[in-house]
Amino acid sequence: MTTQPASGQLSPRLRFIAIIAMFFLFAMISFVTNLAAPIGTIWGYQHEGNSFLGMMGNMMNFLAYLFMGVPAGNLLQKIGYKKTALCAMAIGAAGLFIQWTSSIDDNFIIYLTGAFVCGLSVCMLNTVVNPMLNYLGNGGNRGNQLIQTGGAINSLSGTLTPFFVGVLVGELTKETTIKAVTPLLWIAIGVFIASFIIISFIAIPEPNLNKNRERKSKLPHSALSFRHTVLGLIGIFFYVGIEVGIPGTLNFYLSDQGQGGAGVIGAASTIAGAIVALYWLLMLCGRTLSSFISGKVSSRTQLMAVSAVAIVLVILAICTPVSVTLPVPPQIYSTINPATGEVLTAMIPVSAYLLVLCGLCTSVMWGNIFNLAVEGLGKYTDQASGFFMTMVVGGGLIPLAQQLIAKSVGYMASYWLIAICLGYLLFYGISGSKNVNTDIPTDNSELNAL
């Protein structure tokens, strides 16, 4: 039987093409995911500034992971990485089209349906890119390095998305509808279609496809037999909630001028989008830096360091009075009072900037947690990847819970939930990530003999 070479034996050309393809898919994941929160502010503002309702699109996007995570992992084993990615892009285009149709008569239910379908797509794409990059880097620090590099590209896409939405929306009013962002939806549909065509012509290695087809009996154990993997799954649940909850709630906080928000003057949506874009920009910077150092600094060390720093930043943000403000940089926002000719300067609470700085910390968490949790899994890695995607539902549940808390005790106080989640990640880095089940055979040598 003809088999493909192990990742260490791949030709440099095939390896390079496969890595570039995975980086491109990483960008698509962020682009689609980060449409949900800024579009949600439009729906929320139409319903008396209801930030909980506005977060429902984000919730539906991540709820899809709960249903698609394990099936996506099974797809990897049955049809391989390339076909799974192609199916994901077709589903993504359909989901964006459904969201566009909601703009015809401002139908919130249709929009939520489209957000759910898009969630199915990005779940499948996530299931493909993370284990593939880890495989192409032969696991360990090198595998984490590739995941972090892909994450940097993911962050670049995430930086641009809320900024573009903010520019298209401008000043947010009750009359603002989803029609304002339909150009971006059509661009995204076009990108998905183009991606489908490009990826269909790219050779992507299939490390486990032939073996999974030949395997007659079920695996004697499962990925859940490993303690560090189970704790890592919980860590991913908390992490994605942290990553989405920090900028998502901040967006509502800065846009909300009448429900306990920051009360930013002028085109609040534009300013909020620009400030939140800084969070994603810092994630880009953090992941770019990590892509250089991850070959030398372990995932465990990185996770412990950034978790501790993020806890300090969040607590400082909670405790800093709202009255302590800084002006928005002129290049981001400036306007003139038409009556007096006075230049108006928008003021942003210092607490918002402290939360934005958390982007440097959250930037490296996903790759570190994933790398630690699949270390030593061998033939159970594909199965674990499916479980991981299921737990990404935390990106919908935790921000939604944070919005409920915010409605009761205020936006900034809701960040105590984020601080608690960060505390768990610190624990995982310190001790939870250690593999205590080394007695379970994983057949790593067989896995790599492709």
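The values are calculated or read from the model by the stated rules, or taken from the named source; none is laboratory data. Being a predicted model, the structure only gives us computed values, none of them experimental. In this analysis, Cβ positions are derived from the backbone assuming ideal geometry, glycine residues included, and neighbour counts consider all displayed protein chains. Side chains are part of the model used for accessible areas, which takes the heavy atoms of the whole protein and leaves out ligands, DNA and RNA. Shrake-Rupley method; radii C 1.70, N 1.55, O 1.52, S 1.80 Å.
Hey, can you tell me all the residues within the stretch 352-380 that are in contact with a Leu (Cβ under 8 Å, 6 or more places away or on another chain) and closer than 19 Å to Ala72 by Cα? Talk me through it step by step, then tell me what you get.
Quick first cut of the stretch 352-380, residues in contact with a Leu (Cβ under 8 Å, 6 or more places away or on another chain) only: 352-361, 363-365, 368-369, 372-373, 378-380.
Selection gives Ala373, Gly378, Lys379, Tyr380.
Take the stretch 160-180 and flag every residue that is hydroxyl-bearing (Ser, Thr, Tyr) and modelled with pLDDT of 70 or more. Outline the logic, then answer.
Within the stretch 160-180, the first condition is being hydroxyl-bearing (Ser, Thr, Tyr), and the residues that meet it are 161, 173, 176-177.
Of everything in the stretch 160-180, just one residue is hydroxyl-bearing (Ser, Thr, Tyr) and modelled with pLDDT of 70 or more, namely Thr161.
Mind listing just one residue for me: the one in the stretch 397-450 that is closer than 16 Å to Phe226 by Cα and among the acidic types (Asp, Glu) and, of those, modelled with the highest pLDDT?
Going through the qualifying residues, I end up with Asp439.
With respect to Leu400, is the statement that it is in contact with a helix residue (DSSP H, G or I) (Cβ under 6 Å, 6 or more places away or on another chain), open to solvent by 10 Å² or more (accessible area, probe 1.4 Å) and farther than 16 Å from Leu313 by Cβ true? I'd like the intermediate steps shown before the answer.
Values: in contact with a helix residue (DSSP H, G or I) (Cβ under 6 Å, 6 or more places away or on another chain): yes; open to solvent by 10 Å² or more (accessible area, probe 1.4 Å): yes; farther than 16 Å from Leu313 by Cβ: yes.
Spelling it out, Leu400 is indeed in contact with a helix residue (DSSP H, G or I) (Cβ under 6 Å, 6 or more places away or on another chain), open to solvent by 10 Å² or more (accessible area, probe 1.4 Å) and farther than 16 Å from Leu313 by Cβ.
Pull up the stretch 139-158, narrow it to residues that are among the polar types (S, T, N, Q) and modelled with pLDDT under 70, then point me to the one that is surrounded by the fewest Cβ atoms within 10 Å (Cβ to Cβ). Explain how you work it out, then say what you get.
Narrowing the stretch 139-158 to residues among the polar types (S, T, N, Q): 141, 144-145, 148-149, 154-155, 157.
Then drop every residue that is not modelled with pLDDT under 70, which leaves 141, 144.
On the way: Asn141: 16, Asn144: 29.
Only one residue tops the list, namely Asn141.
Go through (1) open to solvent by less than 10 Å² (accessible area, probe 1.4 Å); (2) over 15 Å from the mean Cα position of the chain (by Cα) for Met389 and report which single condition fails.
In the conditions (1) open to solvent by less than 10 Å² (accessible area, probe 1.4 Å); (2) over 15 Å from the mean Cα position of the chain (by Cα), Met389 misses (2) alone.
Taking into account only those residues within the stretch 235-262 that are among the aliphatic types (A, V, I, L, M), open to solvent by less than 10 Å² (accessible area, probe 1.4 Å) and over 15 Å from Met59 (Cα atoms), which is modelled with the lowest pLDDT? So that I can check it myself, show each step before the final result.
Taking the stretch 235-262 and keeping what is among the aliphatic types (A, V, I, L, M), we get 236, 240, 242, 244, 246, 250, 254, 262.
Now restrict to residues that are open to solvent by less than 10 Å² (accessible area, probe 1.4 Å): 236, 240, 242, 246, 250, 254.
Keeping just the survivors that are over 15 Å from Met59 (Cα atoms) gives 236, 250, 254.
Details: Ile236: 93, Leu250: 87, Leu254: 81.
Across the stretch 235-262, the extreme among qualifying residues is Leu254.
When you look at Ala384, is it farther than 21 Å from Ile246 by Cα and open to solvent by less than 30 Å² (accessible area, probe 1.4 Å), yes or no?
Working: farther than 21 Å from Ile246 by Cα: yes; open to solvent by less than 30 Å² (accessible area, probe 1.4 Å): yes.
So Ala384 fits the description; yes.
Do we have any residue at all in the stretch 7-19 that's of a type in the set (S, T, N, Q) and at pLDDT 80 or above?
From the stretch 7-19, those of a type in the set (S, T, N, Q) are 7, 9, 11; that's our starting set.
Still in the running and at pLDDT 80 or above: none.
No, that holds for no residue.
Does Leu377 meet the test of being at pLDDT 95 or above and crowded, with 24+ Cβ neighbours inside 10 Å? I'd like the intermediate steps shown before the answer.
Values: at pLDDT 95 or above: no; crowded, with 24+ Cβ neighbours inside 10 Å: yes.
Against the criterion (at pLDDT 95 or above and crowded, with 24+ Cβ neighbours inside 10 Å), Leu377 does not qualify.
Given the criterion among the hydrophobic types (A, V, I, L, M, F, W, C), out of contact with any Gly (no Cβ under 8 Å at 6 or more places or on another chain), at pLDDT 80 or above and within 27 Å of Leu254 (Cβ to Cβ), identify the matching residue among Ile29, Ile79. Break it down into steps so the answer makes sense when it comes.
On the way: Ile79 fails: within 27 Å of Leu254 (Cβ to Cβ).
The conditions single out Ile29.
Are any residues in the stretch 100-121 open to solvent by 10 Å² or more (accessible area, probe 1.4 Å), touching a Ser or Thr at 6+ places or on another chain (Cβ under 9 Å) and in a helix (DSSP H, G or I), and if so, which ones? Break it down into steps so the answer makes sense when it comes.
Filtering the stretch 100-121 down to residues open to solvent by 10 Å² or more (accessible area, probe 1.4 Å) leaves 100-101, 104-110, 112-113, 116-117, 120.
Checking which are touching a Ser or Thr at 6+ places or on another chain (Cβ under 9 Å) leaves us with 100, 106-110, 112-113.
Across the stretch 100-121, the qualifying residues are Trp100, Phe108, Ile109, Ile110, Leu112, Thr113.
Only residues in the stretch 411-439 that are in contact (Cβ under 8 Å) with a residue 12 or more places away in the chain count as the first member; pair them with residues that are among the aromatic types (Phe, Trp, Tyr) and open to solvent by 30 Å² or more (accessible area, probe 1.4 Å), Cβ under 7 angstrom, at least 6 apart or cross-chain, and list the lot.
Cys421/Phe238; Tyr424/Phe238; Leu425/Phe238
For Met124, indicate whether it is in a helix (DSSP H, G or I), at pLDDT below 80 and open to solvent by less than 10 Å² (accessible area, probe 1.4 Å). Break it down stepwise before answering.
Numbers: in a helix (DSSP H, G or I): yes; at pLDDT below 80: no; open to solvent by less than 10 Å² (accessible area, probe 1.4 Å): yes.
In short, no.
Taking the condition of being touching a helix residue (DSSP H, G or I) at 6+ places or on another chain (Cβ under 7 Å), among the hydroxyl-bearing types (Ser, Thr, Tyr) and open to solvent by 10 Å² or more (accessible area, probe 1.4 Å), how many residues in the stretch 403-425 meet it?
2
For the stretch 361-368, state whether one or more residues are at pLDDT 90 or above and over 24 Å from Val70 (Cβ atoms).
Yes; the residues of the stretch 361-368 include at least one that is at pLDDT 90 or above and over 24 Å from Val70 (Cβ atoms).
Being part of a helix (DSSP H, G or I), of a type in the set (A, V, I, L, M) and closer than 22 Å to Tyr65 by Cα is the filter here, so list the residues in the stretch 377-431 that pass it. Let's see the steps before the verdict.
Just the residues of the stretch 377-431 that are part of a helix (DSSP H, G or I), to begin with: 378-391, 394-409, 412-431.
Imposing the further condition that a residue be of a type in the set (A, V, I, L, M) reduces the set to 384, 389, 391, 397-398, 400-401, 404-406, 409, 412-413, 417-420, 422, 425-426, 430.
Passing the criteria: Ala384, Met389, Met391, Leu397, Ile398, Leu400, Ala401, Leu404, Leu417, Ile418, Leu422, Leu425.
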